[in-house]
1. Can you show me the helix-derived [θ] at 222 nm for chain B, built from DSSP H runs with n ≥ 4 at -39,500 (n - 2.57) apiece and divided by the number of residues, rounded to the nearest 500.
2. To the nearest 20 debye, what is the magnitude of the charge dipole of chain A about its Cα centre, counting +1 on the Cβ of each Lys and Arg and -1 on the Cβ of each Asp and Glu?
3. Output ³J(HN,Hα) for the stretch A:166-171: one whole-Hz value per residue in order, computed from phi by the Karplus curve 6.51 cos²θ - 1.76 cosθ + 1.60 with θ = phi - 60°, and x for Gly and Pro.
4. Under a straight-distance cross-link criterion of Cα-Cα below 29 Å, which lysines are reachable from A:LYS249, leaving out those fewer than 8 residues away in the same chain?
5. In whole angstrom, note down how far apart the Cα centers of the stretch A:303-333 and the stretch A:120-151 are.
6. Principal axes first, then extents: for the Cα atoms of the stretch B:350-431, list largest minus smallest coordinate on each axis, whole Å, largest first.
7. Cα atoms only, the stretch B:202-359: Rg and Dmax in Å?
8. Only four residue types carry charge here, +1 at the Cβ of Lys and Arg and -1 at the Cβ of Asp and Glu. Report the dipole size of the stretch B:153-201 about the Cα centre in Debye, rounded to the nearest 20.
Number of protein chains: 2
Amino acid sequence: MKKINTSPISGTQELLPSLQAEFNRLKSGIAEAFHRHGFQNIETPMIERTEVLLAKAGGETEKQIYKVVKTAETADEADQALRFDHTVPLARYTVEHMNELAFPFKVSQIGRNFRGERAQKGRFREFYQCDADIIGWGTLPLAYDAEAIATLGEAIRVLPLPADFYFRVSNRKILTGMLEELNLENLAEEIFGIVDHAEKVTPEATLAALEELGIGSEKIEKLQALMAIRGGRKEISEQLAALGLSGEKFRAGVAELDEAMRLLTEVLGTPNAVADLKIVRGLDYYTGTVFETLVYGYEGIGSICSGGRYENLAGNYSPQSLPGVGGSIGLTRLFYVLQDCGAVKATEMKAVEVCVLPMAPELYGAAAKVAEQLRAQGRSVDLVLSGKRLGDQLRYAAKVAEFALVVGENEVKSGKFGLKNLQTGETTEIELG
Amino acid sequence: MKKINTSPISGTQELLPSLQAEFNRLKSGIAEAFHRHGFQNIETPMIERTEVLLAKAGGETEKQIYKVVKTAETADEADQALRFDHTVPLARYTVEHMNELAFPFKVSQIGRNFRGERAQKGRFREFYQCDADIIGWGTLPLAYDAEAIATLGEAIRVLPLPADFYFRVSNRKILTGMLEELNLENLAEEIFGIVDHAEKVTPEATLAALEELGIGSEKIEKLQALMAIRGGRKEISEQLAALGLSGEKFRAGVAELDEAMRLLTEVLGTPNAVADLKIVRGLDYYTGTVFETLVYGYEGIGSICSGGRYENLAGNYSPQSLPGVGGSIGLTRLFYVLQDCGAVKATEMKAVEVCVLPMAPELYGAAAKVAEQLRAQGRSVDLVLSGKRLGDQLRYAAKVAEFALVVGENEVKSGKFGLKNLQTGETTEIELG
């Protein structure tokens, strides 16, 4: 027999059943949080036309894309690829179905996306993302920026994080406005990249990178001052005023950030949101509000949920203006991190609640009736039909279930059954008809 | 702007939110049924090594496979493709993790698979399958064949079928044994194909196909007699005896079918199971029990859940014998059929329960508190922050939700709110703190 490699391909998640059950529980919890907040769930195909996927993206994305090719010679020549995020398919979906949707369109998407990332620990090529977005028709009030972030916060709350989380919120118009006023617009792309990268390198490296662009020291000081701004509404308001800038875009960004923070913390009551001007989501397509989510004491794992406002979601597909705001929880990577830091433990979980163990094949019918009654009580019940001796059945039960229930002739006659806790060994008597 | 085609690629399912909600409800219902029956859920990657996918398959499957290719020049040269079913990845998974699994391994898989089918109405290239399988270590008692079918029956019961369903059960050993005894083993593949196809063509065409193989009329009569056998345990037992065959394999198949039918109907209490010797699952890898599921009066849509026993699941990956039995509900195609026959109607469903409509932005905080209370009652609540006039908000609410609740100054003062049914116009007063 030719030896075939049976490991899953690198960069994919494959879990044992008990861990899969925990993953599913978290995924469902996020879905329920989105649903409770009135977000309508959709699913788009995993395969899209390449021209749809790359209409806006290009660059890094294009390099990471997985093309899909039929092997048959009769294959149509369509150029297709696997989606790499939920935002591009959402743009296509919204344009395709715009006449049948109600706006603002509050929409959630939970599913797998694909990127040909370099394989390394904690990096995934196939990964779940859980997205919540709100799309407006022509306009979308800023209040929805706060609502999107608050909803994602509720979803994150279902996750067994090792510590509490907090949002870092900013607005890209502030840095854009500053660059306009400092006549640095032509270096905007580079500077956004440097600001975005600043937390990953030393302050000296950031300074050197800015100097390398030929920016004068006075302007660099302003940029450094901006990057250092962080805090609640009142604090950042004073610090932003101290920058002495007055351009229209800058002021619009400051006003939007203040209002988004007010709505988020005071109106919607989201705790632990701080404004932080280092947040710019460098290479993304955001145009206003941007945010990241960190876990206290675990800042090293990076943002577990990020997003922002994009002024024109579907600009590449439709002349209709469709402003949106939303964010995404990277669940596969996060689940990996939760295991790594011990917040999720497979050993504590059993996939099944009760194993029903018939003493002999003649009792299968009685055991099936018992199993049906336990299921009607909402329990997950594995009816063991292996025909093995009771000891073997119990050893099997201990691996998959929390409880075992033996069905023998006496139990069937009396209607009284022992529900044995397989961890503690304790047995509780229950009556079944 | 270059015009980009925003329709989903052909052969994929893309639903509006209200239909998606119904699809999700059915998918969850199936998952819950599997879980209630003690099946542990797993997910495998959608991308697999091509050598894993094609280790056994080949032929038609190979033609339909979607290969996956990274566009970057740095791509590793791994030959990878999208999975086309759940069975092959399950075989790989079971071998890969066999030392960490408990056997019999009762396992469910619900997810999308991919086949490059010719695009046509009701045929999908990307489709959900819901599988339940039981894998034994070395051996697997026949009782699990019945348990797998019974579990799939419970899962099918959650679907809004236009009429009741029934299982057609058979055992491939019966036809195999007959062919051995008739010295037709060398034509087994062709004959299995003809029997499998018999319901799709006229009896004359089946006869002609058998004659074309050069089979004598006496043997053809035996084959036709076998294909006509259908009914409960007693009926088929008599009819099978009347064939006058006595080979070991034939008798083993007859005994297994009788026992599987007994376990299924009398022990596990599954209604509506008939034995039907026309069922052979022609081109599949089954070795014993085989079954299909039809809907009364809708036989034309074909089997909605099929499966069977495969004596050696992982023969291509491991010397360990891993016999299995299981089946699959083709949910995407079934959902399409349910819409087509009117059993699922999008218009009857709203994705959201209550829209909370603040009369003015000053009331956003009060409205958020009201929304939170309704959510705590388990409701799906959309807090409308569009800032539009109440009439516009109500028109939006009517599109997405079942109820609307207006938050004005009076309501906030009194704590009494009107919950308006958007279909009937009826308003119920509710009190919120």
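What follows is calculated from the coordinates using simple rules that are stated; it is not laboratory data. None of these values were measured; they are calculated from a predicted model. Methodologically, a virtual Cβ is constructed for each residue, glycine included, from the backbone with ideal geometry; neighbour enumeration extends over all protein chains shown.
1. -11000 deg cm²/dmol
2. Computed about the Cα centre, the dipole is about 1460 debye.
3. Each residue of the stretch A:166-171 in turn: 9, 8, 10, 10, 8, 9 Hz.
4. Output for A:LYS249: A:LYS56, A:LYS106, A:LYS173, A:LYS200, A:LYS219, A:LYS222, A:LYS234, A:LYS278, B:LYS388.
5. Result: 6 Å between the Cα centres.
6. Principal extents (Cα only, largest first): 29, 27, 20 Å.
7. Radius of gyration, then largest Cα-Cα span, for the stretch B:202-359: 21.6, 85 Å.
8. For this selection, approximately 260 debye.
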